[in-house]
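Q: One structure, as structure tokens, below. Some questions next.
The values are calculated or read from the model by the stated rules, or taken from the named source; none is laboratory data. Predicted model only: the values in this text are computed from it and were never measured. For neighbour counting, all protein chains shown are included, and Cβ atoms are generated from backbone atoms with ideal geometry for every residue, glycine included. Surface accessibility is based on the protein's heavy atoms, side chains included, excluding ligands, DNA and RNA. Shrake-Rupley method; radii C 1.70, N 1.55, O 1.52, S 1.80 Å.
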Amino acid sequence: MTQYNKLVRDKIPKLIEEQGETPIIRILDDAQFTRCLELKLDEEVGEYHRDKTPEELADILEVVFALANAKGYSRDDLIDVYQRKHDARGGFEKRIFLIGKE
């Protein structure tokens with residue numbers, strides 16, 4: 001048996017079955033799910049660092065949206081907070097690197 005011990009996307013068990021194998025799964029409780037999402041976020045960020053593709057960025061977004069939902073926030077809630085912070089503090093468009101202040 002190959003062991004993974006990690007959170008996977010919803011369609012992965014079906015894809016494993018389509019390959020002629022049997023997935024061994026369990027359903028996580030809320031606390032386990034949140035912790036596994038946090039670990040998955042670390043995993044996806046690491047994958048982005050190795051392979052800087054739009055697909056890896058999209059994987060990060062998928063985990064961020066799932067984590068927000070697990071914490072009781074909708075995608076719209078998250079985008080609203082993003083927009084408020086962006087409006088108040090700006091983004092990174094100007095590429096400003098702060099060396100310090102006096």
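Q: For the range 72-89, how many residues are under 23 Å from L37 (Cα atoms) and not β-branched (V, I, T)?
A: Number of matching residues: 9.
Q: Something else: Could you please find all residues in the range 39-51 being over 21 Å from K71 (Cα atoms), open to solvent by 70 Å² or more (accessible area, probe 1.4 Å) and part of a helix (DSSP H, G or I)?
A: H49, R50
Q: Moving on to the next point. Kindly provide the set of residues from the range 50-67 that are within 25 Å of D30 (Cα to Cα) and among the charged types (D, E, K, R), ordered by number.
A: Scanning the range 50-67 gives D59, E62.
Q: Further, regarding this structure: Can you give me the number of residues within the range 29-38 that are open to solvent by 100 Å² or more (accessible area, probe 1.4 Å) and in a loop (DSSP other than H, G, I, E, B)?
A: 0
Q: Pairs please, first residue from the range 13-28 and in a helix (DSSP H, G or I), second anywhere and of a type in the set (A, V, I, L, M), Cβ atoms under 8 Å, 6+ apart in sequence or on different chains.
A: Filtered contacts from the range 13-28: P13/I25.
Q: Now for a separate question. Suppose we keep only residues that are assigned to a helix (DSSP H, G or I) and open to solvent by 100 Å² or more (accessible area, probe 1.4 Å) within the range 68-102. Which one would you say is nearest to D30 (Cα to Cα)?
A: Across the range 68-102, the extreme among qualifying residues is N69.
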